[in-house]
Structure formats: C-alpha cells, structure tokens
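Taking it in order: structure first as structure tokens, then the write-up.
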Amino acid sequence: MTSSPLLHLPGAVAAEGRDEGVAAHYGELYGEQRALADGRGFVDLSHRGVVTVTGQDRLAWLHLLITQHVTELPPGQATEALILSANGHIEHQLYLVDDGETTWAHVEPGTQGELIAYLESMKFFYRVEVADATADFAVVHLPAGSIAETDKEHVVRETPYGRDVFLPRGALEAFAAAHGPAAGLLAYEALRVEAHRPRLGLETDHRTIPHEIGLIGTAVHLQKGCYRGQETVARVHNLGKPPRRLVFLHLDGSEVLLPGHGTPVRLAADGEDGRQLGFITTAVRHHELGPIALALVKRNVPVDAPLLAGTTPAAQEVVVAP
C-alpha cells in the first residue's frame, strides 16, 4: 500500500483500516460534506485498486463473467457489475467504464490481486489482456453538480453521484491544486450512506446475494446470458425472497459513539438481551441528518419496528422491500 501524497495537505488526518493510505478528513468533517453536497471539491480515492482490460474481445469476454450486460457498452458510459461465486454470493464489485480501447474498473482497496487472478484463469482463447494499473493510475471523485473541468486525456466515469476520474498517479497533487477543496473519506462515506449505496466488505459478508442489498437492476442485469451464480440470482428473483434486507437507520443523536461495523441489531422491544436480527454495516455522522447507518437485517423484521443498534435506539427506513 502506497500512501497518497495528498496526506501532506493541511489538516489531513489519515484514514485507518480498509481505507488506509488516504485522508479520513482534512479537519472540517461537516464542512467537507457540505462542499461535496454542493458540488464543490473532490475526494482522494487513490487507495482503490485499478484494473484494466484491453483487447478486441474484452467486452464480449467480460460479459460472460460479470453480472452486467456489457457487450454493447458505449465508450464513456459508466456501469457497475459484480462477480459472484457459484452459489451467487458477492465476491467482487466493479465500477466500470470503457474508453473505446480499454475497459477500466476501480475496486475495493487490496482486492485487485484476487480479482485479476480470477480473470486470468478465465481467459482461455479470448483476445484480452488484464493488468493491475494501481501503481500507475489513481481514482479521484468529483461530486454531482461539480463544474470542474478534467483533462481530455483522463478517463472519466460519470454517474448520478458524480464523476470518478482515472488519472496518472503522478498528477494527483496538480489535480488537488486545481480542484480543491479536498474532502476526506468520512465525508464521502456519509453521502454514500445517505444515498443507500452498498459497499463490498461493509454491506456484504461471505453469504450476501445481490438481492439483499438492492443491486438488482443497477449492478445485475436480469436479461443476459449465463454467468457464474446466475442460477441463484434467477431463482431468488423468480421464486422467492432474499433472507436478509438492507435498511437505512436514523440513530439516536444523544449517543456519543457510533455503533461499529458488526454491531448487533435487535428489536427495541426485546431490549439489549434480545435475539440478534442483523448487524450494522456502516454508521456515519451526516451534516444534516445526524447519525445514520446502513444495516443488514432478517427479511421478516417488521418495517415499522423500532430497533436497537447495540445500545443505540434506531428508526428504520426501507431500502430493500421485505
């Protein structure tokens, strides 16, 4: 892991854990959130893995392996995809764009090696080349509404939530100087939670299927050919319901500490010793909403039931319908 040069910006406080290598914040947590919400500034995502696929068969080949329909993906059009296990459990989450010659993806920090090993094992006779471009390219995020201009040579992935820009790693400091103010990962994560957007390794565990976290239709295309795990996707979509569902929680603002990832979720009526019905996936402090969280709970938890996240009272909003 290489630390970002932007950790030398004034006020930078380094993130820890899975986001090590970039800034958690630059000293103004709520100010950074408000800037992003207003379409100002940028976020350093240079700790994320960058994977490229080249070759004339790249889109047809990827189409066979991922959950998204990409055989006719136009240059510059952003999409999102998953790679599933044979049992339909989420293994990788890819944020994709093709520039007409290369398919670019950014992925969770540290997961690119395992992803590339799988892709290499599936090349067979296809004319494709897979590369780990993390050492040479970095990802930065411009928020929705930003009017900042980017270099025409940079690959840009434009979504309703903003633009992800793949730029040469050596250009990070010049980009920061031109597109500040910088906002840290805590601000970025707060807006992600507000938007109910799941993240691999936080909103997922070893048995998560796409239906549970609301990725059907966004990262999973239901009218495409076979791929690993498709049988589970089709069976749950057509015949049943997922065992768990993602929920959005408003947490009691009087609590000093946020519940950490994995904190048990129970019915408030059952108290702190009640049966565990789920767990907190991500909890954040939002500049307008206060403390909020995403959680995975059992599908049959009543949608209007008050909950407890550890010892913190929580009111739920439906993200994935039961």
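The values are calculated or read from the model by the stated rules, or taken from the named source; none is laboratory data. Keep in mind the model is a prediction, meaning the values are calculated, not measured. Neighbour counts run over all protein chains shown; Cβ positions are idealised from the backbone, glycine included. To get the accessible areas, we keep the full protein, side chains included, count just its heavy atoms, and leave off ligands, DNA and RNA. Shrake-Rupley method; radii C 1.70, N 1.55, O 1.52, S 1.80 Å.
Just so you know, in segment 300-318 the residues that are part of a strand (DSSP E or B) and of a type outside the set (Gly, Ala, Ser) include one that is surrounded by the fewest Cβ atoms within 10 Å (Cβ to Cβ), and it is 317. Within segment 20-47, the residues that satisfy the criterion of being under 17 Å from the mean Cα position of the chain (by Cα) and open to solvent by 20 Å² or more (accessible area, probe 1.4 Å) are 20, 47. Mind listing just one residue for me: the one in segment 272-299 that is modelled with pLDDT of 95 or more and in a loop (DSSP other than H, G, I, E, B) and, of those, surrounded by the fewest Cβ atoms within 10 Å (Cβ to Cβ)? Within segment 272-299, the match that is surrounded by the fewest Cβ atoms within 10 Å (Cβ to Cβ) is 275. Assess whether residue 172 counts as being of a type outside the set (Gly, Ala, Ser), within 30 Å of residue 71 (Cβ to Cβ), open to solvent by less than 10 Å² (accessible area, probe 1.4 Å) and out of contact with any Gly (no Cβ under 8 Å at 6 or more places or on another chain). When the stated conditions are applied, residue 172 does not pass them. Determine whether residue 7 is without any contact (Cβ under 8 Å) to a residue 24 or more places away in the chain and either under 20 Å from residue 261 (Cβ atoms) or surrounded by 15 or more Cβ atoms within 10 Å (Cβ to Cβ) (or both). Answer is yes for this residue.
Is one or more of the residues making up segment 108-129 open to solvent by less than 10 Å² (accessible area, probe 1.4 Å) and among the small types (Gly, Ala, Ser)? The answer is no, given that none of the residues of segment 108-129 is open to solvent by less than 10 Å² (accessible area, probe 1.4 Å) and among the small types (Gly, Ala, Ser).
Considering only segment 271-293, I want to know if a residue exists there that is among the acidic types (Asp, Glu) and either under 20 Å from residue 253 (Cβ atoms) or in contact (Cβ under 8 Å) with a residue 60 or more places away in the chain (or both). For segment 271-293, residues among the acidic types (Asp, Glu) and either under 20 Å from residue 253 (Cβ atoms) or in contact (Cβ under 8 Å) with a residue 60 or more places away in the chain (or both): present.
For segment 192-241, a tally of residues being open to solvent by 40 Å² or more (accessible area, probe 1.4 Å), in contact with a helix residue (DSSP H, G or I) (Cβ under 8 Å, 6 or more places away or on another chain) and either among the β-branched types (Val, Ile, Thr) or in a helix (DSSP H, G or I) (or both) returns 2. Scanning segment 137-161 for residues being touching a residue at least 40 places away in the same chain (Cβ under 8 Å) and either in contact with a Lys or Arg (Cβ under 7 Å, 6 or more places away or on another chain) or open to solvent by less than 80 Å² (accessible area, probe 1.4 Å) (or both) gives a total of 15.
A quick yes/no check of all residues on (1) over 20 Å from residue 150 (Cα atoms); (2) among the β-branched types (Val, Ile, Thr); (3) open to solvent by less than 30 Å² (accessible area, probe 1.4 Å):
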{"site": "54", "(1), (2), (3)": "yes, yes, no"}
{"site": "64", "(1), (2), (3)": "yes, no, no"}
{"site": "67", "(1), (2), (3)": "yes, yes, yes"}
{"site": "91", "(1), (2), (3)": "yes, no, no"}
{"site": "106", "(1), (2), (3)": "no, no, yes"}
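Candidates 180, 162: the one that is at pLDDT below 95, in contact with a Leu (Cβ under 9 Å, 6 or more places away or on another chain) and small (Gly, Ala, Ser) is 180.
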